[in-house]
Structures are given as C-alpha cells and as structure tokens.
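First comes the structure, then the notes that go with it.
Rule-based calculations on the coordinates, nothing more; no lab input. What you see is a predicted model; the values in this text were computed from it and never measured. A quick note on method: Cβ atoms are made from the backbone with ideal geometry, for glycine too, and the neighbour counts reach across all protein chains shown.
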Amino acid sequence: MTDLLNQPSNSQFKFSREKILAFTLILPSLILVFITYLYPAIFTFVISFAEYDIIRLKIKKFIQFKNFEFLISNYFFTSSVLRTIYFGFLICVCTTIFSFLIALLLNEKFIGKAFLRVMIVLPWAVPSVVSGVLWGQMFHADTGFLNALLYQLGVISGYKIWLADPLVALHVIAIAEIWKAIPFMTLFFLSGLQSLPSEVFEAAAVDGANVFQRFSNILFPLMLPIAIPLFLIQFVLAMKSFDTIFVLTRGGPGGGTTTLNYFIYQEAFETFNLGRASAAAYVLLIITLAVVLIPTISRFLIKFFWGNK
Amino acid sequence: MKKNLILKNFFIYFSALIVFLIMFFPLYGLILTSIQPENIIRSRNLSFFPTEIIFTHFAEVLKPNHISNIYEGIKNSLIVSFLTSFLCIILAFPAAYSLARLNLPAKNIILGTLISIYFLPTILFVIPLFVILVSYQLDDTILSLVVPYTAFTLPFVIWILKSFIDKLPVEVEEAAKIDGCSTLQLLIHIIFPLLRPGLIAAFIFAFILSWVEFLTPLIFTNNLKISTVALGLFRSTIDIKIGQQAAAAIITLIPVTILMIFFQQYITKVVLSGSDK
C-alpha cells in the first residue's frame, strides 16, 4: 500500500530530474545557436530601421521605414528579387527532374551501379568555389571546352564570350548550381523509391498497366510527398547561393546575375550600408519563410486529394 | 519477352553512360586542364585526351609565395575543419542523446527550429557577427571561423546523430541503467562506442561543410595568414594562368573527395535514415 502511494511522487521526482538532465545536455548547443543566430537576427532587425555607422560601429539614427522604401523604389533591388525567384525556380525544377530520373536509373540493377553512384555523389563534395572555377573554365571565352567543342562541330562560327551576356551568365550559374545540387536530391529520391512497396508495381503490371500509366497513377502520387519538401528545400538553398556567383561573375555583367543574396552582400560589404543590407536580408528571410511554410499547406492538400484513396 | 529485356538493358546502360558523362565530364575537364601545359590548354585544337602530361602546375601552386597561398590555406583549413568537427561532435552528441532518448519538453519544436535554421539565409547572421567580431577585434583569427562554422553545422550534426541514436536498441541502455550506470557513464562507455558509424558520418559532414565554406572566411578574414583553402583558390582566379587555377581547384577538391569516396556508405546511411520515418 505504501508502495502504491509512493509511486507517483517518486516518478514525479524522476521525471523532473530527467528533464533537468535533458536540458543540461542540450544547453551548450542551444547557447551557441542562440548567440550565433538569435542575437544577430535581432540585431539585423533593429538596424534595418536605422542608419548604421560602420566606422564607430554604432547606430547613427533611426529612420523608420526609409531603408525599405529605398529598396522598393530601387530598380536593382526589385529586379534582383524577381531574378532570385526565377533563378531558384529554374534550379529546383531542373534539379528535381534530373535527380528523379537518375534515381529511377539507380533503382534498376546493372553492372557498375556502385561506381556510378559514387560518381553521382561526387559533385556534392565539390566545394562551390571549385565548381565556380570549373564551370568558369568550361565556359571560358578562349580556353573553354564548350567553345572548342561547338566550334569544331560547326555550331558556332567564332568563339563566344558566354559570360558577357547577362542572361546567358545567369543560366551558366544555374547549370553550375544544378550540377552541384543533383547528388543530394538523387540520394533522397533513391531512398524514397527503395521504400516503395514493389508489389504495387507488379500488380499493376499484371493488370496490364503500361509504363506511363504506372508512372502517372502509382509512382507520381507515391513520390509526391517526398518530392515537394525536396523541391522547396532546393528552392531555399538556391536562393542562398553565393559562392558560384561570386567566383563566376561577381553579380555582373550589368547586375545581370545579382540575386538577392548577392545584392545584400554588396550592400553590406562593398558599400558598407549595413542598414539597407539588413532590410534586404529581412526581405530575403520573408521570402524564405514563405517558401518554407508551403510544405505545411501542400501536405494538407496532398492529404486532401490523395489521402482518402 | 527476351527481346524486351535486351532493349531495356540497352536503355539502362545507355542512360547510365549519359549520366556518367554529364556528371563526370566537368571534373574530367578540370583534371585535364591541370596536367597540361599552358600552350596546349590555350590552343584551339580540342582534344579530350591528354597529349602531354606535366605536374608543374601543382608544384607552382604549392610554392609558399604563390598568389593563391594554397599551402597555407590547406594548413589553415585542416586546423579549422578539425576544430569545427570536433566541437560539433562534443556539443551535438549530448544534445542528440537528449533529443532522442530523454524526456525533453518541446522536443519536436527544438529539433524543428534547429533544422530550419540551417535553411535560413546565412547573410542575415553574418552582418551582425561581422560587427561583433570587428568591435572585439576578433576578426582575422581562427576563432572567428571556428565559432560560426560550428554554429552553422551544429543543427545538421545533431540531426544526423539523433537519427543514428534512434536506431540503437533501447534494451542495452535499460540493462546498463539497471546495473547502476549513471547517464554520463552510459553516454561515454556505452552509447559512444555503439554510435561510432554515426559519429564518423557526422564528423565527415562537419568536416566537408567547413572545408567548403566560403562566405564566412571571405568576410571575416583579410589576413593572408588565416586564409582558408577555398579563399586561396578564389584568389588564384585573379591570375590568368588557367593551368595553375585548375591545379589549385584539384588540390582543394582532393581531401573532400577522398572522404566522400571512403565514407559514401555512411553518408548514404544518413540520408536513408532520415527519410524512412
């Protein structure tokens, strides 16, 4: 009887002790994360409403929404926002499609599969600076492979300066980013494919469904819950991309490859206008958060449309 | 039926070849450029096989006075990456255990916040960190790289370790607890050895991410003595010698590639363990 009475208080005591222990174990990590994320985020928020004195390292004066007003009326800013969205969208659409196809391939059995998998994972380990240098050399006007190849095939009559055209340069950077992004997404797709029940496909094949029917009616809906988060993560990562742009074009020519992230870098560390840069960083954050919030909505939609089947 | 199978096989090998070419050719081009003399690189006679192999570009790049300072860069990057990975593991191991096994309130919120932080724009945090570092005169130090790297990588490492701990059998821990093992002893003597594959995977992740980091050293360091290998490589692009630039790129690439090939299985395991929930 006494045992039964003591039981609750004893477990209560254990419960709180375990809580304290759990917190102690995670506390160092949380402190570091708070120092390097939360405090800076607040700091950036505050100075986005101010003019910041970079030499004396303090706030000169608060100017309310002037920074934001300046940005919205600035052509370079608005065009870089649109460019970032296009750039992010292009990268994640292409990466998703290619990764999915490669994952389908790696899901088959063939000789040399392990080798091919290593080769496909490799670009992920390539530092983005190296990939910048690599694609820079590929598209180099005098020594690039692309010019030489196209010239010898007779596609172009003379050597082209690829990176001099803003639109071409933007797509060259997108190619570099896609090449680097494919490995990671492929691995995720592959693990998704391997977790699918093979019986469903066999049953469908027995029932006489052809390849396209099997794809659109079984594979596509089954893979969608994996594909949507990957797609959005890739979007967010593409908006963050900086290194490749910095190495290949430095935002040029004529600002044609300046994404929002690069715009912020230029404002902060080239013209040292920290207030404006912070305001722009918050715009980037809002776009990112909007993208991150989409999975919750889409998951709801998927449940709504496919969940009841 | 048999004809169909041959056709399918042909299609598989054909697409495998195409994928291989697309993914590998850029790297091959880089290797080719790094081992050929400058005049062959610049000539208009394209050849996809090396006609003359030299290693002078590598020798030039590794000289102490070279513009890219790769030699110093490798040393610094090794120090910074090792410190970062080490720090990450020390911080993340107890945190991951706490998240995986202990009764931590708001567990999912904490984990979710940590993971989503990784996807937020880095530049948002870099601006104030720069101001802090400059005002305490901590810029241009190893510390100014290790601390932000650790913070940027930590959420990822915690997630990796947590997914590995989740897979460990609980029975071992329960048995140890009944035998009177304290949580600290449990962590050091039982979980730590069991978790070795996870720790190696996490260490490699942290190492690779710190090795390739570019924005942080670009902003936080000016001194050539603290320059990391990625920064050194960027500096070599100012120079017009394409061969040396390629050689510098290869040198930057080698350590992470070796890690990647040897430990590819661990990394695949991480990805697989994350998605089957």
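Each label point was placed 7 Å from the Cα along the Cα-to-Cβ direction; for residue B:63 and residue A:194 their separation is 4.9 nm.
At 0.36 nm per residue, and after removing the present C-alpha to C-alpha distance, how many nm does the segment from residue B:138 to residue B:108 gain when stretched out fully?
Between residue B:138 and residue B:108, full extension yields an extra 7.3 nm.
In sequence order, segment A:65-74 has phi-based couplings of 9, 4, 4, 5, 4, 4, 4, 5, 7, 8 Hz under the Karplus curve 6.51 cos²θ - 1.76 cosθ + 1.60, θ = phi - 60°, and Gly or Pro positions carry x. Applied to segment B:4-18, the Karplus parametrisation 6.51 cos²θ - 1.76 cosθ + 1.60 on θ = phi - 60° returns per-residue 3J(HN,Hα) values of 4, 5, 4, 4, 5, 4, 4, 4, 4, 5, 5, 5, 4, 5, 4 Hz, with x for Gly and Pro. Solvent-free Debye calculation, one equal scatterer per alpha-carbon of the protein assembly as shown: log10 I(q)/I(0) at 0.05, 0.07 Å⁻¹ equals -0.24, -0.48. Here the Karplus relation 6.51 cos²θ - 1.76 cosθ + 1.60, evaluated at θ = phi - 60°, turns the backbone of segment A:265-278 into coupling constants of 4, 5, 4, 7, 10, 10, 9, 6, 9, 5, x, 5, 4, 5 Hz, with x for every Gly and Pro.
What the Cβ-Cβ distance of residue A:286 and residue B:177 gives, at R0 = 35 Å and to the nearest 0.05, is a FRET efficiency of 0.15.
Using a 10 Å cut-off around each Cβ of peptide B:244-257, what is the average number of partner chain Cβ atoms that fall inside?
Values: counts 0, 4, 4, 0, 3, 10, 3, 1, 5, 9, 0, 1, 6, 5.
Per-residue shielding by partner chains comes out at 4.
Using Cα centres only, tell me the gap between segment B:87-102 and segment B:230-250 in whole Å. What the calculation gives is 39 Å, centre to centre. With Cα atoms defining each centre, segment A:151-226 and segment B:19-52 are spaced 27 Å apart in the structure.
Under the Kirkwood approximation for Rh and a Cα-based Rg, what ratio Rg/Rh is obtained for segment B:63-275?
On the way: Rg = 19.6 Å, Rh = 18.8 Å.
Here the Rg-to-Rh quotient is 1.04.
Most tightly packed first, judged by the mean number of other beta-carbon atoms within 10 Å of their residues, the peptides A:237-243, A:223-229 read A:237-243, A:223-229. Dipole size of segment B:63-275 about its Cα centre, with +1 on Lys/Arg Cβ and -1 on Asp/Glu Cβ: approximately 260 debye, rounded to the nearest 20. A dipole drawn for segment B:63-275 from +1 and -1 charges on Cβ atoms has a positive end, and of B:147, B:71, B:117 the residue lying farthest that way is B:71. The amide H of residue A:257, built 1.01 Å from its N in the peptide plane, has A:252 as neighbours under 5 Å, considering only residues 5 or more places off or on other chains. Annotation: amide H-H contacts under 5 Å for residue A:50 (H modelled 1.01 Å from N, sequence separation of 5 or more, or interchain): A:63. Put in order of Cβ neighbour count within 10 Å, fewest first, the listed residues A:75, B:71 become A:75, B:71. Here's the picture: charge each Lys and Arg Cβ at +1 and each Asp and Glu Cβ at -1 in chain A, and of A:182, A:64, A:93 the one pushed furthest to the positive end of that dipole is A:64.
Find the Rg to Rh ratio for segment B:16-130, where Rh is the Kirkwood radius over alpha-carbon pairs and Rg uses the same atoms.
Looking at segment B:16-130, the ratio lands at 1.18.
Here the protein assembly as shown is treated with +1 on each Lys and Arg Cβ and -1 on each Asp and Glu Cβ, and its dipole about the Cα centre works out to around 500 debye.
Structure remark: mean-square fluctuation, Gaussian network model of chain B, C-alpha springs under 10 Å; the largest value among B:149, B:13, B:266 belongs to B:13. Each of B:224, B:120 has some number of other Cβ atoms within 10 Å of its Cβ, and from fewest to most they run B:224, B:120.
Across peptide A:226-238, the average count of Cβ atoms from other chains found within 10 Å of a residue's Cβ is 1. For segment A:251-303, chymotrypsin sites (Phe, Trp or Tyr not before Pro) are listed when DSSP marks them as loop and at most 13 other Cβ atoms sit within 10 Å of their Cβ; the list is A:272.
Overall dimensions of chain A, expressed as equivalent-ellipsoid semi-axes from the Cα gyration tensor (√(5λ), whole Å, largest first), are 39, 37, 19. Considering only B:87, B:98, B:135, and ranking their Cα positions along the charge dipole of segment B:58-142 that arises from unit charges at the beta-carbon of Lys, Arg, Asp and Glu, the one farthest toward the positive end is B:98. In a DSSP loop and with at most 13 other Cβ atoms within 10 Å, the chymotrypsin sites (Phe, Trp or Tyr not before Pro) in segment B:74-139 are B:136.
Given A:113/A:303; A:109/B:167; A:113/A:160; A:60/A:180; A:58/B:162, which pairs have Cα atoms separated by over 32 Å?
Exceeds cut-off: A:113/A:303; A:113/A:160; A:60/A:180; A:58/B:162.
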